[in-house]
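Visitor: Dumping the structure here so I can ask a few things about it.
The values are calculated or read from the model by the stated rules, or taken from the named source; none is laboratory data. No experiment lies behind these values; they were computed from the predicted model shown. Cβ sites come from the backbone with ideal geometry, for glycine too, and all protein chains shown count toward neighbours. Note: areas computed on protein heavy atoms with side chains; ligands, DNA, RNA excluded. Shrake-Rupley method; radii C 1.70, N 1.55, O 1.52, S 1.80 Å.
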Amino acid sequence: GQKLRKKYTSIFGNRTKYIPAISNLGEGIFIDFDNESIVNWVKSHSEVQKRANILQENFDNTKLNENEERNISAKLVLLHTFSHQIIKELEFLSGYPATSLKERLYVGVDMQGVLIYTIAGAEGSYGGLVSTCKSNRIAEIIKSALFRAKDCASDPICYQTNEQGQGVGGTNLAACYSCALLPETSCEEFNRFLDRRLLIDPTFGYFKELLK
């Protein structure tokens, strides 16, 4: 949903011949969702699209959209919130602080994936993320993260956030620092477009069957 604009790191623009660069080594976990499953989920629950529309309207009604045009889809909110919950869970189990983990969202008509990664540094060579997948613990981590998302120190206020939203410009619904927000350096979207109810709500949550 974003407009692509050319950006250059040199005043010479596309006439630049050499650009300094460094290579960073790290590790990551990529989780790919089933597109058909997400489409059917959105179609089956009107509340899902309604909540995405609330975030879109709140974003459009603020000055945040003056330099940025966005399409806030239910898929984006689902994957982004899922990413945050997994990062918070990995903080407990992989040996990485949340500040050392980052996310990359792949959201489009035919894209629905999340990359959680870390790069070189004091914590960049632990191997904690890779070992998590090798030991087949990733399924347990996902389930544990979803169960943890059911509890928030600010509930029921956080869980029942209305159309006004919360966070910057009201661009979050059921998401606050007690349950879903991350350090700014870890989040690709500056802690916007989050709603844990899309994950865990017993009526319309994407993972509701997993939590029974």
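Visitor: Would you confirm whether or not region 142-162 contains a residue that is touching a strand residue (DSSP E or B) at 6+ places or on another chain (Cβ under 7 Å) and either open to solvent by less than 50 Å² (accessible area, probe 1.4 Å) or in contact (Cβ under 8 Å) with a residue 12 or more places away in the chain (or both)?
Guide: Scanning region 142-162, I find no residue that is touching a strand residue (DSSP E or B) at 6+ places or on another chain (Cβ under 7 Å) and either open to solvent by less than 50 Å² (accessible area, probe 1.4 Å) or in contact (Cβ under 8 Å) with a residue 12 or more places away in the chain (or both), so the answer is no.
Visitor: Within region 52-69, is even one residue more than 25 Å from Ile138 (Cβ to Cβ), free of Cβ contacts under 8 Å to residues at least 24 places away in the same chain and in contact with a Phe, Trp or Tyr (Cβ under 7 Å, 6 or more places away or on another chain)?
Guide: Within region 52-69 (the criterion being more than 25 Å from Ile138 (Cβ to Cβ), free of Cβ contacts under 8 Å to residues at least 24 places away in the same chain and in contact with a Phe, Trp or Tyr (Cβ under 7 Å, 6 or more places away or on another chain)), the answer is yes, since at least one residue qualifies.
Visitor: Scanning for something assigned to a loop (DSSP other than H, G, I, E, B), under 19 Å from Ile54 (Cβ atoms) and open to solvent by 20 Å² or more (accessible area, probe 1.4 Å), does region 88-99 turn up at least one residue?
Guide: no
Visitor: Within region 37-84, how many residues are outside any helix (DSSP H, G or I) and surrounded by fewer than 16 Cβ atoms within 10 Å (Cβ to Cβ)?
Guide: Residues flagged as outside any helix (DSSP H, G or I) and surrounded by fewer than 16 Cβ atoms within 10 Å (Cβ to Cβ) within region 37-84 amount to 7.
Visitor: So Gly1 clears everything in (1) over 24 Å from Arg197 (Cα atoms); (2) surrounded by 11 or more Cβ atoms within 10 Å (Cβ to Cβ); (3) at pLDDT below 80 except one condition, right? Which one?
Guide: (1)
Visitor: So which residues in region 192-202 are modelled with pLDDT of 95 or more and either within 15 Å of His80 (Cβ to Cβ) or among the hydroxyl-bearing types (Ser, Thr, Tyr) (or both), if there are any at all?
Guide: Across region 192-202, the qualifying residues are Phe193, Leu194, Asp195, Arg196, Arg197, Leu198, Leu199, Ile200.
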